[in-house]
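We did not get these values from a lab; they are worked out from the coordinates using the rules stated. Here the structure is a predicted model, which is why all the values come from computation and not from measurement. Note: ideal-geometry Cβ built from the backbone for every residue, glycine included; neighbour counts use all protein chains shown.
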Amino acid sequence: MTFEPRHPVADPSQKQTFRHRLSGLSDRTIAWIFVAPSIALLLAINIFPLIWTIRLSLTNFRTNRPYAPVKWVGLQNYRDVLSDVGVWHSMLATAHFLFWTLFFQVLIGFTLAYLINKKFRGNDLWTTIIVLPMMLSPAVVGNFWTFLYQPQIGLFNYFIAFFTGIDPSSFSMIGDVSLAPWAIVIVDTWMWTPFVMLICLAGLRAIPESIYEAAECDRASRWRQFWTITIPMVLPFLMLAVLFRGIENFKMFDLVVQLTGGGPGDTTQLTSINLKREAFEKWHTGYASAYAVILFVTVFGLASIYVKALNKVKDR
Amino acid sequence: MRRGIFRAAVLAAAAMLASTGLAKAKDLTLCWAAWDPANALVELSKDFTAQTGVNMKFEFVPWTSFADRFLNELNSGGHLCDLMIGDSQWIGGAAENRQYVKLNDFFDKNSIKMDDFIPATVVGYSEWPKNTPNYWALPAMGDVVAWTYRKDWFSRPELQAEFKAKYGWDLAPPTTFDQLKQIGEFFQGREIDGKKVYGASIYTERGSEGITMGAMDVLYSFGFKYENPDKPYDMQGFVNSAGAVKGLEFYKALYDCCTPPGSSNGYMTEGIDAFKSGQVAMQMNFTFTWPGFNTDANVGGDKTGYFVNPKGPDGEQFAQLGGQGISVVANSENKDEALQYIKWFAQSKVQANWWKLGGYSCLKSVVDDPGFVSSQPYAEAFLNSMAIVKDFWAEPSYATLLQQSQARFHDYVVAGQGTAKEALDGLLKDWTATFKEDGKL
Amino acid sequence: MSGYSISEPSARQKWIAGALVVGYAILTVLPLIWIIATGFKTPNDAIAYPPKVIFHPTLEGYVNLFTSRARATPDMLEKLGPPTTWYDTIVRQYDMIITGPSRYGQRFLNSVIIGFGSTFLSVFLGTIAAYAFSRFKVPLKDDLMFFILSTRMMPPIAVAIPIFLMYRALGLNDTQLGMILLYTAVNLSLSVWLLKGFIDEIPVEYEEAALIDGYTRFQAFWKVVLPQAATGIASTSIFCLIFAWNEYAFATLLTSGTAQTAPPFIPTIIGVAGKDWPAVAAGATLFLIPVMVFTILLRKHLLRGITFGAVRK
């Protein structure tokens, strides 16, 4: 499997033996040699654990009681998870978070892309600046946002106070039950709007100019062109962006756990945070495993349905 | 070429494994929380290193992630910590899951007697099951929830006069919770030296244990009990007694009336910040914070006073126990050195030094010393507080029980959902389910 | 450039669009600038009201970030004599002494080792797998590719439950090797998908020509395909590196004192009493700046990276 000699073409005789040596290795074998390590690693670190999770979900096993007897409990954990008010509360919190982050990110992201596509001077530079937050560590940035959200001394409160005239110490974005769900939406929107923006921009730039020219000949108004050409052409891109953000935000953990820790009460306790509490604070491993399986089936199911819809739009 | 890369990768991986293994051999790692006493312990431990040549390494984690990190460490079978100064409530789980080394034989061999320590700390920090002579830790750091107040503000004549006119009694450290609330209301929103100040800082933190520690500190004196004293785990009418409901209502009222804005998720550090920055007149916190206040540039010396947790409506008076014992981690590869450290730490002269540097010794000979009460302005309040302590469940399921009370208390007190009665009834239900699952009910 | 275009916006439109975008851009970097600025404030300036825009910069935050300190009694300070270095001077104004280095450097180094280690492995494995998927008839190719992608859909906390147990049994908890393997597995989906796209774009004719010249498959892969795919490999590497660099959930659950990376560590930086925001900001700044630089370098390939190669532009 070595590559000596360095210049195989220079010496025809050696070339022959080399070929001969490798003649046993068909392309098919090489393909397997190349693919196998990746598949093996994924089997070991993704699939085997998944199977183990399913197994654990049928028991009352607890990670912090290695010596306690383990009992099979059948589907009891699944029944418990699905009848747990806290779980449904988390699902609702996640749904709120998902809906509004997607809504704002699509709205702002598309608008920005549309504006940038006007190709004003320096748009490349500003695009790069807008993109910065997206690439940063959500945990580190989320942690710092708690500082920006501090009543009185925080920049965010000060900013709002500056423009609205209300007292900056009169509201606490992460402490107030009615504001906290929006506090996490704001930070996520700040971080991830550029993602939607970039994808929309690619969509806008992919629209051939000739289509607009044709529309112009038909005397379609700009407004009409926007709705009949721009939007339908960008839609597949937009839907792709929503798919990615949807999956990511369904899994959301780091940013929100740093921002609110799920509080106040369990107002912003998204499913991942709830799961973490069950699995690594209460150490209800069996129960948490059932919870994890349910979450995985949910995200996988929703994503599959969505991808089907996406393909339909794309083929249209 | 690729073989070379492979070999390099394998070698690098092997080197990494080896280096993690090697670093353990000579050093002893002590795990604790990142707080003032930990710094004092670093200072104190230099003497141990000088005597034995064993190098000490420390792993300190802030309180809000303390339990999270180190329970994870214990449960993952990690090898990071040789010595653990773990929270008092961990002891049940750590004992039953064999995560700590049992110390009875070691104590006997080295004539370390538990009778030499403050009884409450022995029960709280060392014993499992409680009130049996099975020791899993040496009491290391006495701690209890109590209060600080701004002595300088309390002694201003104009404020005293106004207070007397309004409430009919002299402005002084409160002896009942009603008085405490009145003082809080009095200071809330007041301008002092051109700055808006607030009544009191209390525990409201959601993620780890904050709001439970704070609420319990009040609930005990209102009549809350964990269980029927005659029938273990029988909680109906104890956890949700009429007194307990009143206590929780009081805690919410205190949160609503008298805390600074944005106090929805505060624990020890936030309390320290609020008090030091001159934001609050009173502050609930563990006594470990006191040496720091005493020497602080803003609030140090005569500006700060200390008082014991006030009495409840029926004159009952309890306080939430904090503090920890020091244990040897069963997974440690340096158990002998770790035991040697405990032996060194138990000596009375080391304990005396411990108090001097800012730690709270649990050794009777230190706290019963005639000079103890006058040695620091806060010494007396500490001793009186230690005499009335109660602690949270130390069951193996402590983490679950705690998460359940955190959720119930935060939901009611901070998020304002439901009533106090509903919160405690719900807590009773949660705890009952947990004990059922453990087979204790 | 290509002369008159019907969809070319007017100067006025451009101006308005430009103003709006610039406004948004300024708003969006404000928090980042605030992080960097806070790193150079004193703790008191950091929590001043109203927030201080103009302040006297100091390195206190950075000193606090890299050292651990303890409060010293007056007689202790007297014994020590005057401070000898500039950082001693800063610490002494608070009656404190430096007791040693902090954990930040070690955590940062862990981030570097784990980040580069996992990037190397996942790009290496990803390149050969992507080549096979791109050039050969692999049975069930589409299913395998989808399987690789689907591993990315699982919530990390859900994956962490069995990994925690598995690593406990293998002794991989809180080791750099354990984290490298884990991040490699997580990054594989990204690297396979991205690199397959890049390799697909390299014309097969080059290899065919090389094969006719007497190259073996391996040689063709090594000498023809790899150099052509260099840009793709480089940008894939950076994406993998950024993921590993930023990852928090696994790191917080599976590491403790030995292999902990910077993201779970930075939020736990506290002062001797109370939260030390300048130190947190300093730690965050040093940690975020490399990623900012990479982002700027990568801007041409950004879209492709974040969509797993689905949008190529």
Relative contact order (percent, whole number), chain C, Cα cutoff 8 Å, 6+ residue spacing: 27 percent
Span-rule helices in chain A, defined as complete DSSP H runs reaching 18 Å or more along the axis (Cα) with Kyte mean at least -0.5: A:27-42, A:85-116, A:180-205, A:231-250, A:285-315
Summed residue charge, Cβ within 12 Å of A:GLY142's Cβ, Lys/Arg positive, Asp/Glu negative: -2
Residue exposure sequence - C:TRP15, B:TRP354 - by fewest surrounding Cβ within 10 Å: C:TRP15, B:TRP354
Too-long pairs where the Cα-Cα distance tops 21 Å, listed order kept, from B:LYS252/B:LYS276; A:LYS282/B:LYS440; B:LYS252/B:LYS440: B:LYS252/B:LYS276; B:LYS252/B:LYS440
Gaussian network model of chain B, springs between alpha carbon atoms under 10 Å - residue of B:LEU159, B:LEU74, B:LEU30 with greatest fluctuation: B:LEU159
Mean projected area (nm²) of the alpha-carbon convex hull when segment B:270-349 is viewed from all directions: 9.3 nm²
Within straight-line cross-link reach of A:LYS308, aspartates and glutamates at Cα separation under 16 Å, skipping those fewer than 8 residues along the same chain: C:ASP142, C:ASP143
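Which of B:CYS257, C:CYS240 comes first, and how do the rest follow, when ranked by fewest Cβ neighbours within 10 Å?
B:CYS257, C:CYS240
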Calculated FRET value between B:LYS102 and A:ALA68, using beta carbons and R₀ = 25 Å, to 0.05: 0.85
On Cα atoms only, tilt of C:141-150 relative to the major axis of chain C in degrees: 10 degrees
Beta bridges by DSSP in the protein assembly as shown, antiparallel share as percent, to the nearest 5: 65 percent
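Eigenvalues of the Cα gyration tensor times 5, then square-rooted: what semi-axes does that give for segment C:105-268, in whole angstrom, largest first?
34, 17, 12
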Segment B:308-364 and segment C:279-313: distance between their alpha carbon centers, rounded to Å: 48 Å
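What's the Cα-based Rg to Rh of the protein assembly as shown, Rh via Kirkwood?
Details: Rg = 31.3 Å, Rh = 31.4 Å.
Taking Rg over the Kirkwood Rh, I get 0.99.
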For segment A:103-142 and segment C:92-149, distance of Cα centres in Å: 26 Å
Chain A, relative contact order [Cα under 8 Å, separation at least 6], %: 27 percent
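Just the ratio, please: alpha-carbon radius of gyration of segment A:80-315 over 2.2 N^0.38 Å, N its number of residues. All intermediate terms of the calculation are to be shown ahead of the outcome.
Working: Rg = 20.7 Å, N = 236, 2.2 N^0.38 = 17.5 Å.
Working it through for segment A:80-315, the quotient is 1.18.
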Over segment B:62-212, volume per residue of the alpha carbon convex hull, in Å³: 173 Å³
Radius, Kirkwood style, for chain B when every pair of distinct Cα atoms is counted (Å): 23.1 Å
Amide hydrogen neighbours beyond the local backbone of B:MET141, cut-off 5 Å, H modeled: B:GLN324
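Which ordering of C:TRP86, A:TRP190 is given by a fewest-first count of other beta-carbon atoms within 10 Å? Intermediate results must be reported in sequence, preceding the final value.
Numbers: C:TRP86 9, A:TRP190 20.
Least crowded to most crowded, the residues run C:TRP86, A:TRP190.
Can you tell me the convex hull volume per residue for chain C, based on C-alpha atoms, in Å³ to the nearest whole number?
232 Å³
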Alpha-carbon centroid distance for the pair segment A:33-64 / segment B:87-164, whole angstrom: 43 Å
Within chain B, percent of DSSP bridges classed antiparallel, to nearest 5: 60 percent
Cleavage-rule hits (chymotrypsin sites (Phe, Trp or Tyr not before Pro)) in segment A:267-316: DSSP loop, at most 13 neighbouring Cβ within 10 angstrom: none
Convex hull per residue volume in Å³, alpha carbons only, for segment A:36-94: 133 Å³
